[in-house]
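Undergrad: Mind having a look at this structure? Questions to follow.
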Amino acid sequence: MSEAKVTLTFSHGGEPIELPVLSGTLGPDVIDIRSLSKRGYFTYDPGFLSTASCPSSITYIDGDKGLLFYRGYPIEQLAEQSDFLEVCYLLLFGELPDAEQKAKFDATVKDHTMVHDQMNRFFTGFRRDAHPMAIMVGMVGALSAFYHDSLDIANPRHREISAFRLIAKVPTIAAMCYKYNIGQPFMYPQSRLGYVDNFLYMMFATPCGDYEPNPVLVRALERILILHADHEQNASTSTVRLAGSSGSNPFACIASGIACLWGPAHGGANEAVLAMLEEIGDESRIGQYLERAKSKGDSFRLMGFGHRVYKNMDPRAEIMRRTCHEVLDELGLNDDPLFKLALKLEKIALEDDYFIQRKLYPNVDFYSGIVLRAMGIPTNMLTVIFALARTIGWVAQWHEMIGDPEAKIGRPRQLYQGNKMREFLPLSERGE
Ligand code: SDX
């Protein structure tokens, strides 16, 4: 780390404070403020716009250049040349697997795809029309009620088994959510199928006949899962890290990540984009919705646009747009009205000063809903697909944190603006 320093001086007097400046391998330097609390100071950064919460070697984002690397590999190369389980291996272990490692990893995931049969009974407690994300939060958290031999986070073997169980069982649970929602029987995972083929099988096969997924759709979904696998210290990953910092078991931590991802400002945006496009309905109404998005008094925002880090095109959005074209082409849906509306909306927004000045570009969620919907995945399952993909990112980040000797329980402070100390008032004396 560099010996660079920064000095804080105070206009009201007081001793200046020297703080170390730390450098990573890529990205901005950080000011190490850990000693400030001993000098009676906190920093103030609601929403953590200027805060690095941890050291990490997993994912790098350059928001200005629109760069995204998983363990140093550009997302464009991984999306085109890799497969999702290989990316899982890369994110978890830091290197691409050789043929033997890949075969062993894939086989181990296949050994864990079933869930304990008693878990099927939980579903009957949910309403059929429960949102699949509500069920996902419950079911993934409930894995800790069954897999007691992988809860000891201090045990590396337990940590490894829980990682495999999460990578393998989340797709099974996701498909079960869909089947329960539509009243069809659960389809058990098939070890003869690949990871994505198997997920589509569990989603769309029925006991009444054979099912073979369209290879173009399999490849498209593989790419979509890769794009969503990890994204540095986003809200849901930070939630997983914070939950893990207290020593919670991995299943509970991932359930907390799913809960956070559900929000429309985060992973819930893909579902919100489709709802927005359906509400806009026609190109002639784009203008009025853009005006609403720009109006301070209106809570409406252009869903799928803007990003805390990317102030350039989200590299994932470009790959997603291309995947959209491919899938709609394959399915003969090039005239999909929502896709045409999305393309028009993107074009108009990108030429609008409001969006240009604020560097608001389409993000990963803008096109994902259109392509997944075209593949037959219903709107209420879109964030579930995001959670399925992001599980590996959450697990890899959780693993990294648990393995960090400097990791502590996360415990932010505050700027207190409440009442000063005051004496309790008996009921009889109140209201005088
Ligand atoms: C994901 O963090 C990650 O990495 C997340 C993610 C991942 O892979 O984990 O990339 C996945 O969550 C993508 C983002 C999905 N969310 C959406 O598409 C929802 C719509 N987007 C916005 O809600 C918003 O852009 C956020 C939440 C994504 C980012 O918000 P910020 O960084 O807090 O920005 P901000 O709210 O401070 O906005 C800055 C300005 C404001 O205007 P001014 O007050 O400066 O005049 O931009 C405006 C905002 O009003 N603005 C928008 C807008 N997004 C920001 N105006 C209209 N429409 C939008 N979408």
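Laboratory data are not the source of any read-out in this text; all were calculated from the coordinates shown. All values derive from a computational prediction rather than experimental measurement. Quick reminder, even Gly has a Cβ in these numbers, built from the backbone with ideal geometry, and neighbours come from all protein chains shown.
Undergrad: Which residues does a label at Asp64 reach in the range 296-321, if reach means a backbone N under 15 Å from a point 7 Å past the Cα toward the Cβ?
TA: Output list for this probe position: 309-313.
Undergrad: If you line up the long axis of helix 84-93 against the longest principal axis of the chain, both from Cα atoms, how many degrees apart are they, to the nearest 10?
TA: 30
Undergrad: Mind checking the alpha-carbon convex hull of the chain and giving the volume per residue in Å³?
TA: 218
Undergrad: Another question, if that's okay. How far, in degrees from 0 to 90, does helix 382-402 lean away from the longest principal axis of the Cα atoms of the chain, to the nearest 10?
TA: Approximately 50 degrees, to the nearest 10.
Undergrad: For each pair in Lys296/Lys340; Lys5/Lys420; Lys296/Lys344; Lys65/Lys340; Lys102/Lys311, compute the distance between the two Cα atoms and list the pairs where it is over 31 Å.
TA: Numbers: Lys296/Lys340 28 Å; Lys5/Lys420 37 Å; Lys296/Lys344 24 Å; Lys65/Lys340 27 Å; Lys102/Lys311 36 Å.
In this structure, Lys5/Lys420; Lys102/Lys311 lie more than 31 Å apart at Cα.
Undergrad: Subtracting the Cα-Cα distance from 0.36 nm times the residue separation, let me have the gained length for Glu95 to Met313 in nm, one decimal.
TA: My answer for the length gained is 75.8 nm.
Undergrad: Expressed as a rounded percentage, what relative contact order does the chain have, with Cα pairs under 8 Å and six or more residues apart?
TA: It rounds to 19 percent for the chain.
Undergrad: Now a separate question. What whole-number distance in Å separates the alpha-carbon centres of the range 113-186 and the range 188-239?
TA: Each part reduced to its Cα centre gives a spacing of 16 Å.
Undergrad: How much length, in nm to one decimal, is gained on full extension between Ala275 and Thr43, taken as 0.36 nm per residue of separation minus their Cα-Cα distance?
TA: Extending this stretch completely gives an extra 79.6 nm.
Undergrad: Taking the simple approach of a point 7 Å from Cα along Cα-to-Cβ for both Ala52 and Glu212, what is their distance in nm?
TA: Taking the simple label geometry, Ala52 and Glu212 are separated by 5.2 nm.
Undergrad: Give me the number: length gained by fully extending Ala154 to Leu19, i.e. 0.36 nm times residue separation minus the C-alpha to C-alpha distance, one decimal in nm.
TA: Using 0.36 nm per residue and subtracting the Cα-Cα distance, I get 45.3 nm.
Undergrad: If I build a Gaussian network model for the chain, linking alpha-carbon pairs within less than 10 angstrom, which residue out of Gly297, Gly14, Gly393 has the largest mean-square fluctuation?
TA: Among Gly297, Gly14, Gly393, the largest mean-square fluctuation in the Gaussian network model of the chain belongs to Gly14.
Undergrad: So for the range 145-255, averaging the separation of alpha carbon pairs under 8 Å that are six or more residues apart and normalising by length, what relative contact order in percent results?
TA: 22
Undergrad: Along the range 260-277, what does the Karplus equation 6.51 cos²θ - 1.76 cosθ + 1.60 (θ = phi - 60°) give for ³J(HN,Hα), rounded to whole Hz, x for Gly and Pro?
TA: 6, 4, 4, x, x, 7, 10, x, x, 5, 5, 5, 5, 5, 5, 4, 5, 5
Undergrad: What order, most packed first, do the peptides 353-362, 382-391, 100-109 have when packing is the mean number of other Cβ atoms within 10 Å of each residue?
TA: Highest to lowest by the protection proxy: 382-391, 353-362, 100-109.
Undergrad: Another question, then. Could you rank the peptides 218-229, 334-345, 191-202 by their average count of other C-beta atoms within 10 Å per residue, with the highest value first?
TA: The densest-packed peptide leads the list: 218-229, 191-202, 334-345.
Undergrad: What does the highest-first list of 402-410, 253-261, 322-330, 420-428 look like by mean Cβ count within 10 Å?
TA: Peptide ranking by packing, descending: 253-261, 322-330, 402-410, 420-428.
Undergrad: How far apart, in nm, are the 7 Å Cα→Cβ label points at Glu283 and Arg422?
TA: Result for the modelled spin labels: 6.1 nm.
Undergrad: Hey, another quick one. Return the whole-Å distance between the Cα centroid of the range 1-44 and the Cα centroid of the range 399-432.
TA: 25
Undergrad: Now a separate question. Would you kindly derive the ³J(HN,Hα) couplings of the range 134-141 from the backbone phi angles with the Karplus curve 6.51 cos²θ - 1.76 cosθ + 1.60 (θ = phi - 60°), listing them in order in whole Hz, with x for Gly and Pro?
TA: Karplus-based 3J(HN,Hα) across the range 134-141 equals 5, 6, 4, 4, x, 6, 5, x Hz.
Undergrad: Would you kindly derive the ³J(HN,Hα) couplings of the range 142-151 from the backbone phi angles with the Karplus curve 6.51 cos²θ - 1.76 cosθ + 1.60 (θ = phi - 60°), listing them in order in whole Hz, with x for Gly and Pro?
TA: 6, 4, 6, 8, 10, 9, 5, 8, 9, 10
Undergrad: Taking amide H positions as placed in the peptide plane 1.01 Å from N, state which residues far from Thr59 in sequence (5 or more) or on other chains have amide H under 5 Å from it.
TA: Arg71, Glu232
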